[in-house]
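None of the figures in this text is laboratory data; all of them are computed from the coordinates on show. Note that this is a predicted model, so its numbers are computed, not measured. Heads up, the Cβs are rebuilt from the backbone with ideal geometry, glycines too, and the neighbour counts pull from every protein chain shown.
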Amino acid sequence: MNRRDNGGAALVWAVCALLIMGLLTLALAAMAGDYHRRSLTDAAHRQAGLTARGAVDTLVTILECGLKAPAEPSYAALRAANPWLPEAGESAALNGSALTLPLPGTVAAIALKCREEDGTYRLTVTAIAVLDDATASRTARTALTFADGAPVWSFERYE
């Protein structure tokens, strides 16, 4: 019987294989951790965007449906009944905490900007929301005219 002595080569190969498998496992664990952190950050950014959009949608709904009716059909009368509306050509900052939304995150700021063109008042509503380290802003534009003694709103664009 011819038997060769390998001098522990099988043990060396086994240790090398285990070392390579351990390094691959560590590399995969590091990649999985990075992917997890990136997923959490992306989710926070998306949720901050949804919170900002919810704030804008709420304020646009208040503009279109919830304003106090003016005594006469004019922007000045509408503004007198709702003093938080900005003057034409001006901007107004609203307290973000004034809107309590059942959404994660915080509405950090809400801004209204009004400009008048040929009897049409164009209002721009912008909200900034923060969740964890993520910040997002959303903007809506709406137009206001007066017809038959009542304000008429038309939604124009959402960004």
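Compute the separation of the alpha-carbon centres of segment 63-91 and segment 119-159 and state it in Å as a whole number.
Their Cα centres are 14 Å away from one another.
With a sphere of radius 15 Å drawn around the Cβ of Thr139, what net charge do the other residues whose Cβ falls strictly inside it have (Lys, Arg +1; Asp, Glu -1)?
That sum, taken over residues with Cβ under 15 Å, equals +4.
For Trp84 and Phe155, compute 0.36 nm times the residue count separating them, minus their Cα-Cα distance, and round to one decimal in nm.
23.6 nm
Can you pull the one-decimal nm distance between simple spin-label points at Glu72 and Asp132, each 7 Å off the Cα toward Cβ?
5.5
Which entry is the computed mean projected area of the Cα convex hull in nm² for this structure: (i) 9.6; (ii) 15.6; (iii) 13.1?
Identified label for the calculated read-out: (ii).
Given Cα pairs under 8 Å that are at least 6 residues apart, what percent is the relative contact order of the chain?
Relative contact order for the chain comes out at 21 percent.
Go through 66-78, 123-135 and give me the packing order, highest mean Cβ count within 10 Å leading.
Highest to lowest by the protection proxy: 123-135, 66-78.
Before rounding to the nearest 500, sum -39500 (n - 2.57) across all DSSP H runs of length at least 4 in the chain and divide by the residue total; then give [θ] at 222 nm in deg cm²/dmol.
Mean residue ellipticity, 222 nm, calculated: -14500 deg cm²/dmol.
Pulled fully out, how much extra length does the chain show between Cys16 and Met31, if you take 0.36 nm times their separation in residues and subtract their Cα-Cα distance?
So the extension gain works out to 3.1 nm.
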